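First comes the structure, then the notes that go with it.
The values are calculated or read from the model by the stated rules, or taken from the named source; none is laboratory data. Worth saying up front: this structure is predicted, and the values here are computed from it rather than measured. Methodologically, a virtual Cβ is constructed for each residue, glycine included, from the backbone with ideal geometry; neighbour enumeration extends over all protein chains shown.
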Amino acid sequence: MRYIAWIVTIPFALLLLSFAISNREMATLGLWPLPFRIDAPLYLVALLPLLFGMLIGALALWFGRFASGFRMRRLESRLAATQKDLEGMKARQKTGGSAFANRNAADAARPALPTSQTR
């Protein structure tokens with residue numbers, strides 16, 4: 001995988017370098033309502049917006065990964081608690097105890113539901 005990344009990165013970097021060397025002319029940048037004007041090389045005018053877009057996209061991916069990582073850790077802790085409860089129920093069932101021993105007395109004293117009657 002590392003070699004594939006280098007195979008893609010090196011030609012792309014050479015392409016950007018040749019673009020920068022070919023476009024060294026100055027370009028004047030101005031924002032319409034503001035009186036400021038900036039003279040910058042044409043390659044910076046073209047490549048800086050691409051760099052800013054890449055950084056904004058990377059930040060969006062990072063925040064999305066952070067949120068999904070948080071959700072994954074929460075679900076893993078719920079899974080661990082459920083597995084612990086299951087192991088406890090299995091242990092109580094092997095010893096002959098009730099699998100629902102943690103219910104309160106009112107739930108345990110409730111009569112069972114009637115079975116369906118055929119008519």
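Below is a table of values for the structure above.
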{"item": "Residue list for the stretch 15-55, filter: over 37 Å from the mean Cα position of the chain (by Cα) and surrounded by 14 or more Cβ atoms within 10 Å (Cβ to Cβ)", "result": "N23, A27, P41"}
{"item": "Which numbered condition R92 misses (of (1) in contact with a Ser or Thr (Cβ under 8 Å, 6 or more places away or on another chain); (2) within 30 Å of A20 (Cβ to Cβ); (3) not hydrophobic (A, V, I, L, M, F, W, C))", "result": "(2)"}
{"item": "The stretch 3-49, residues that are without any contact (Cβ under 8 Å) to a residue 12 or more places away in the chain and in contact with a helix residue (DSSP H, G or I) (Cβ under 7 Å, 6 or more places away or on another chain)", "result": "none"}
{"item": "Qualifying position, being assigned to a helix (DSSP H, G or I) and at pLDDT 95 or above, among F52, F70, F63", "result": "F52"}
{"item": "G88 vs. criteria part of a helix (DSSP H, G or I), free of Cβ contacts under 8 Å to residues at least 24 places away in the same chain, within 20 Å of the chain's Cα centre (by Cα) and surrounded by 10 or more Cβ atoms within 10 Å (Cβ to Cβ)", "result": "no"}
